[in-house]
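Read through the structure below, which is laid out as structure tokens, and then see the notes.
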Amino acid sequence: MKSIWAEEYDIVIIGSGFAGLSAAIEAGKVCPSVIVLEKMPVPGGNSSISGGLFAAAGSPLQARERIMDSPELMLSDMLAAGLELNNKELARIVAEKSTETLLWTIKELGVKYKPRLSHLGGHSVARTYNTANTSGSGIIKPMLAKCRDMGIPIRLRTYLSQFILTKGGEMEGVAVRENYIFPNRESGVLKRIRARRAVILATGGFSEDKEFRVIQDPKLTEDIESTNHQGATAEGLIAALKAGATPVQLSLIQLGPWASRDEEGFGVGSMFSMLAGFPYGILIDVRTGRRFINEQADRKLLVDAMLSSGRESIAIVDQKGGQHASTLDQCLKRGVVKKFESIEELAAANNVPLAPLKETIDVYNSLIEKGREDMFGKPLPMDLLPISHPPYYSIRLISKVHHCMGGVQINAEAQVVHIETHQPISRFYAAGEVTGGVHGASRLGSNAIPECITFGRIAGKNAAAQKPRT
Amino acid sequence: MGIHEATREIRKSENRIFQEWLCDVHDSGYHGRVSVDRKYFSMMLDTVAAAMETADENLTRSRFDSSAEWDFPGLHIIKESGITLEAFLAGFKVMIRCIERVILHSDATRLRMRNIADAMELAVVAEWENFRPAGLSLHPEPIQGPESPTTPEKILSAIFFSVGEGILLVDQDFEILKTNPRACEIYGLLEQNLIGTDIRTLTDESGAGTLTLFFEKLIEGQRLSAEITGLYVDGKSFPSTVTVSRSDLDGKRYWPIIVQDDTEQKILEKQLRQEKQQTEEMNLTLKTVLKSIEQDKKDFENRVATKIRTSVLPGIHKISKSSHDNVSRSYLSLLEQQLLSLTKGFENELHGGLLKLTRTEIEICRLIQAGCSTKDICNAMRISYETVQTHRKNIRKKLDLTGRKLNLHTFLMNRSL
Ligand SMILES: Cc1cc2nc3c(=O)[nH]c(=O)nc-3n(C[C@H](O)[C@H](O)[C@H](O)COP(=O)(O)OP(=O)(O)OC[C@H]3O[C@@H](n4cnc5c(N)ncnc54)[C@H](O)[C@@H]3O)c2cc1C
């Protein structure tokens with residue numbers, strides 16, 4: 001009988017982001033034949049356009065700066081932001097392995113990070129590293145180079161359309177469309193690829209899948225933009241569900257509060273707000289000229305406050321605060337951030353009532369100068385400066401769909417759990433944003449990268465440890 | 001305060017009124033529906049002020065009852081807009097309240113302004129279907145992005161997106177402003193990654209040098225190409241051709257760059273080159289073969305000459321000297337054999353052992369080769385039967401034939417001596 005399989009590998013990985021490539025690198029150390037399939041004509045997915053922010057508890061930079069931190073503290077931050085909807089076991093693994101994973105990217109991949117930490121909203125302490133080029137491509141490029149060294153092929157334009165299970169319910173391989181032209185699902189040629197050891201699903205989130213996301217969260221209508229790459233769609237997740245995977249919290253979809261109204265997607269403005277506007281500046285309601293929330297709150301709280309009663313928000317920061325954003329020059333060049341010599345000019349250009357704005361800034365500055373507590377609960381660290389050094393910068397904000405907390409259920413070994421038996425589906429692993437539960441109601445900024453790489457590596461190692469089938 | 005004074009005051013205090021208005025609109029619960037655009041606000045305020053300026057002291061509502069008389073300064077910009085009548089009125093009324101709060105203290109002027117405002121309001125309501133204030137979308141300025149493109153623009157952008165070559169638009173800072181999908185594919189980077197990237201990071205040092213040079217010396221409308229190394233996202237380098245031109249816009253320079261991945265072309269070129277090299281090598285071999293044939297021919301001629309000198313001529317000499325018939329016959333057949341071997345050319349093998357033979361032994365071998373029996377040899381060489389036998393034994397030893405069932409004649413048959 002002629003075999004239905006056109007090709008056979010030890011391990012078949014779907015998706016070439018952080019999760020897929022880390023799995024490939026770990027698996028490739030043990031297995032001679034590993035392949036990564038990617039539906040887009042370019043590798044890297046959301047990972048390569050991400051901000052390259054990486055949270056690690058108990059890191060070398062924290063030690064140098066004498067910042068007290070621990071995986072326990074990171075975990076408690078995750079649970080607080082996640083409203084305790086997190087899968088605690090998985091969340092704990094991310095927190096505990098965060099520093100180990102960070103060091104792996106440095107030692108094994110040669111990733112370069114900036115020599116200072118950032119303090120992102122919702123984190124109790126500054127624990128966020130940032131790649132030297134302020135982008136996830138600073139990690140994706142070395143990962144791809146490593147795969148090339150190891151002889152692991154990344155086959156582009158190859159779209160996973162279906163998983164194929166044995167009669168006994170084991171994962172056996174995948175049906176793909178080769179020479180696929182995104183997003184045409186009929187394009188390409190059908191082909192079946194068998195996995196001797198295991199299949200790893202790493203297809204990322206679905207923030208760009210307008211049809212699917214509005215089913216999960218009816219508030220996320222078509223007209224709401226997203227920060228994601230075009231290929232962040234749900235087919236990989238759906239294929240897994242069809243193969244018996246358990247869906248977890250698919251309706252928990254996060255919006256980013258820091259995105260700019262004046263550019264598409266994530267752009268350069270988001271990093272400006274995250275690194276400068278929120279920690280070193282203030283968030284203002286354009287109509288009232290007043291603050292309305294702790295700028296360093298977790299994303300969900302921010303977005304909820306920003307969207308309530310149709311607020312329009314801008315972030316304001318002065319020259320000292322603006323320095324913290326490495327994307328400032330690009331923001332100014334593209335008109336995403338505007339520069340003003342005085343608060344008066346800033347208010348006029350943004351249609352903000354001047355008197356309340358001035359008062360707001362004065363009150364905020366005196367909080368800092370006198371070391372008082374902020375009524376919104378914003379942490380005011382010792383090195384925070386009053387907003388008083390011109391020029392002043394402003395950025396107009398709008399919330400954009402950013403991250404899918406939900407996905408398929410996995411266990412601590414990154415095995416996909418069956419919806420009926422609650423047992424792992426044999427030879428089937430998943431990692432990264434396509435999985436659900438780690439972050440609960442809201443993912444903290446810079447926590448996705450440690451999650452994707454940590455579980456990617458776990459999946460890769462465990463898949464490679466499977467005995468090859470005959 | 002008279003009405004004209006009040007009007008001047010309104011215009012002078014526009015900023016303060018605007019601030020108040022912003023706050024009030026927010027509190028009124030109409031925020032989100034009323035535009036907070038400054039231009040729109042100024043237009044409304046201007047209308048009220050203008051109406052008050054032209055109004056006489058006996059102003060009545062009726063002046064505004066008919067839209068024909070209604071002189072709205074912003075009329076020309078009142079066009080399509082999504083704002084509802086209700087939202088417009090809310091913003092308008094709030095503004096009147098703010099004016100009152102900020103400047104109008106006398107009851108008389110306040111009343112007059114209210115009259116004017118009411119009249120305007122009525123007129124707007126009556127005429128709502130016919131005209132609407134302009135620019136009143138939820139977002140004061142349209143969110144950045146192209147206005148709906150015309151058909152030729154759409155076609156142009158479709159071409160831009162679908163051409164088989166990569167296109168990059170680069171500015172004075174070497175920063176990439178725009179790319180098409182093919183360019184993304186060539187470098188393995190998403191559009192989001194490529195935009196904002198320094199073009200020089202996509203090539204090696206010499207490629208960066210070439211580009212810098214092009215940027216410096218290109219004049220508008222000129223086009224230059226070069227083959228430079230491209231860098232793929234995984235660090236692999238590939239051959240590419242870039243064609244750079246320049247276009248100036250609003251005093252700034254831009255460089256549209258067309259990129260071609262030459263990997264396949266280079267493979268084809270390499271194959272062609274290899275094929276060419278192979279034919280050249282073959283030519284060379286043929287030449288050497290011809291040369292060696294030439295040489296062999298010379299060698300052959302030399303050998304023939306030597307052989308005639310060493311083997312044939314002495315034989316003839318011997319025959320001429322000999323009186324015995326038997327001897328002459330042997331030498332004649334020997335001669336025949338020698339001549340035959342000359343015509344045979346190079347096919348005969350040379351055996352290492354043959355070189356060890358003495359002259360007498362070689363002579364005996366030649367006789368054997370020629371088919372002479374031991375007796376014939378005794379006669380021909382005038383030596384005893386035993387001596388020939390001893391020679392034969394020694395020959396066999398030297399040729400490594402002792403103990404082998406191989407006839408000396410057979411062995412010697414195809415060998416040249
Ligand atoms: C703009 C942006 C900035 C971010 N910044 C940060 C940050 O600074 N720090 C942080 O921690 N997190 C950040 N995040 C979140 C984080 O980047 C993502 O959660 C993470 O990259 C997901 O990695 P992944 O490997 O799971 O998926 P991805 O990187 O999205 O990769 C999945 C890949 O699978 C492919 N694929 C999907 N379906 C199929 C199919 N059916 N067949 C074949 N292939 C398929 C996709 O095309 C894609 O290439 C950011 C996210 C975005 C969008």
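The values are calculated or read from the model by the stated rules, or taken from the named source; none is laboratory data. On a predicted model such as this, the values are computed, not experimentally measured, just so you know. Note that each Cβ is placed from the backbone with ideal geometry, even for glycine, and that neighbours are counted across all protein chains shown. Accessible surface is based on the protein model in full, side chains and every heavy atom, while ligands, DNA and RNA are left aside. Shrake-Rupley method; radii C 1.70, N 1.55, O 1.52, S 1.80 Å.
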Could you grab me the full set of residues in region A:267-292 that are away from the ligand (no atom under 14 Å from the Cβ) and of a type in the set (Gly, Ala, Ser)? A:Ala276, A:Gly277, A:Gly281, A:Gly289
Among the numbered conditions (1) more than 12 Å from the ligand (Cβ to nearest atom); (2) open to solvent by 40 Å² or more (accessible area, probe 1.4 Å); (3) within 22 Å of the chain's Cα centre (by Cα), tell me where A:Arg196 comes up short. (3)
Scan region B:338-356 and give yes if some residue there is at pLDDT 85 or above and assigned to a loop (DSSP other than H, G, I, E, B), otherwise no. no
Are there any pairs with C-beta distances below 7 angstrom linking a residue in region B:159-180 that is farther than 19 Å from B:Phe214 by Cα to a residue that is open to solvent by less than 80 Å² (accessible area, probe 1.4 Å) and of a type in the set (D, E, K, R), with the two at least 6 apart or on different chains, and if so which? B:Val163/B:Arg182; B:Gly164/B:Arg182; B:Glu165/B:Arg182; B:Thr179/B:Glu191
Which condition from (1) out of contact with any Asp or Glu (no Cβ under 7 Å at 6 or more places or on another chain); (2) small (Gly, Ala, Ser); (3) in contact (Cβ under 8 Å) with a residue 12 or more places away in the chain; (4) within 11 Å of another protein chain (Cβ to nearest Cβ) is the one that A:Gly335 breaks? (1)
Helices (runs of 4 or more DSSP H) contained in region A:182-290 and holding at least 1 residues more than 14 Å from chain B (Cβ to nearest Cβ) and modelled with pLDDT of 95 or more: A:210-216, A:235-242
What number of residues within region A:221-266 satisfy the criterion of being more than 10 Å from the ligand (Cβ to nearest atom) and closer than 30 Å to A:Leu332 by Cα? 12
With the condition kept exactly as written, say whether any residue in region A:453-460 is more than 14 Å from the ligand (Cβ to nearest atom), more than 24 Å from A:Glu84 (Cβ to Cβ), assigned to a helix (DSSP H, G or I) and open to solvent by 10 Å² or more (accessible area, probe 1.4 Å). no
If A:Met143 meets every condition in (1) among the hydrophobic types (A, V, I, L, M, F, W, C); (2) closer than 30 Å to A:Ala55 by Cβ; (3) more than 14 Å from chain B (Cβ to nearest Cβ); (4) surrounded by 19 or more Cβ atoms within 10 Å (Cβ to Cβ) apart from one, which number is that one? (3)
Failed condition for B:Ser162, given (1) farther than 24 Å from B:Leu249 by Cα; (2) within 10 Å of chain A (Cβ to nearest Cβ): (2)
Search region A:157-170 for residues that are more than 12 Å from A:Ala239 (Cβ to Cβ) and assigned by TED's automatic domain parsing to the domain that holds A:Ile425 and pair each with any residue that is of a type in the set (Phe, Trp, Tyr) and within 16 Å of the ligand (Cβ to nearest atom) when their beta-carbon atoms are under 7 Å apart and the residues are at least 6 apart or on different chains. A:Arg157/A:Tyr180; A:Thr158/A:Tyr180
Go over the candidates B:Lys291, B:Lys266, B:Lys298 one by one and state the one that is at pLDDT 85 or above, assigned to a helix (DSSP H, G or I), outside the structural domain of B:Leu177 (by TED's automatic domain parsing) and closer than 30 Å to B:Phe215 by Cβ. B:Lys266
Residue list for region A:89-103, restricted to those being surrounded by 16 or more Cβ atoms within 10 Å (Cβ to Cβ) and closer than 25 Å to A:Cys404 by Cβ: A:Leu90, A:Ala91, A:Arg92, A:Ile93, A:Val94, A:Ala95, A:Glu96, A:Lys97, A:Ser98, A:Thr101, A:Leu102
Mind listing whichever residues of region B:92-119 are in a helix (DSSP H, G or I) and polar (S, T, N, Q)? B:Thr109, B:Asn115
Say whether the condition of being in contact with a strand residue (DSSP E or B) (Cβ under 8 Å, 6 or more places away or on another chain) and either assigned to a strand (DSSP E or B) or within 14 Å of chain A (Cβ to nearest Cβ) (or both) is met by at least one residue in region B:202-216. yes
Identify, by number, the condition in (1) open to solvent by less than 60 Å² (accessible area, probe 1.4 Å); (2) farther than 26 Å from A:Arg116 by Cα that A:Asp362 doesn't meet. (1)
